[in-house]
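Inspection log for the structure reproduced underneath, given as structure tokens.
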Amino acid sequence: MMQMAEQSAEDIEALWRSYETEKTVDVRNRIAEYYLPLVRLVAGRIAISLPQHVDREDLLSSGFFGLLDAIERYELTRGNKFETYAGVRVRGAMLDHLRAKDWIPVSVRQNIKKYEKAVARLEGELGRTASDEELAEELDLTIEGLHHLEGQVSAATIIPLEEYLRTDSPASLEDGPVEHAEWTEVKETLAAAIEKLPEKERTVIALYYYDEMTLKEIAAILHLSEARISQLHTKAIFRLRGSLSRMNDEI
């Protein structure tokens, strides 16, 4: 469980009431200090697929600014839980930072496209999930070569579906009926695709995105290595991306 800073629940409530009437930098910073573990938690979860050369401190810094933004925008009177609201803002700030950095090399981007197209094409033809052997043959690779490729492309899997696989929808009825209908279709398509995943991949997706467990925690539950969990996560995400790609082709 996430533990907050030294202030008690009563202290943080008092700080929020104070900030509502006097939006001072000092009070804002004390609130931010209390919620810093939330930033670290989100950063740790996003880091499941990031390569070592990505600076974690930069990720934490961008998340901290997302936290400050959340504090400034949060309205106590709306009654929604701040941790949920801030989590969305913090995660969004980190993902924006990663997009802006353009940290994925061109060669890896090419491999991502090649892998994604192969998964979508093969599973579209088979009407089921493809085995490692079938996917390796489709890509003209050995099993070892396939696993190496999956290790390369895993760094790109965290951003594209992170928004879609959350329970908080960015499109509500307030955004308009078309946007809400499109979002609903995406969620339904993904739900159906998740049900078709192999059992271990489906479990990893459920534990990671819905139960919000870390890579290490999932590895302990499934009695597998963290590297294997990362590989299962990568496979699942690309299968789901393939489902979304086929949905877009049909529109």
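By the rule of a C-alpha distance below 25 Å, with chain neighbours fewer than 8 residues away ignored, the lysines paired with LYS81 are LYS23, LYS187. Once the Cα-Cα distance is subtracted from the 0.36 nm per residue extended length, the GLU72 to ILE221 segment shows a gain of 49.8 nm. With each label modelled as a point 7 angstrom along the Cα→C-beta vector, the HIS147-ALA14 pair spans 5.7 nm. Label positions at ALA100 and GLU125, each projected 7 Å from the Cα along the C-beta direction, are separated by 4.3 nm.
Descending by average beta-carbon neighbour count within 10 Å, the peptides 28-37, 220-229 line up as 28-37, 220-229, the highest first. Packing around the peptides 88-98, 12-22, 64-74, taken as the average count of other Cβ atoms within 10 Å per residue, puts them in this order, highest first: 88-98, 64-74, 12-22.
Each label point was placed 7 Å from the Cα along the Cα-to-Cβ direction; for VAL25 and ARG202 their separation is 5.4 nm.
If R0 is taken as 25 Å, the Cβ-Cβ distance between ASP58 and THR84 corresponds to a FRET efficiency of 0.50.
Laboratory data are not the source of any read-out in this text; all were calculated from the coordinates shown. Keep in mind the model is a prediction, meaning the values are calculated, not measured. Because the Cβ atoms are built from the backbone with ideal geometry, glycine has one as well, and the counts that use them run over all protein chains shown.
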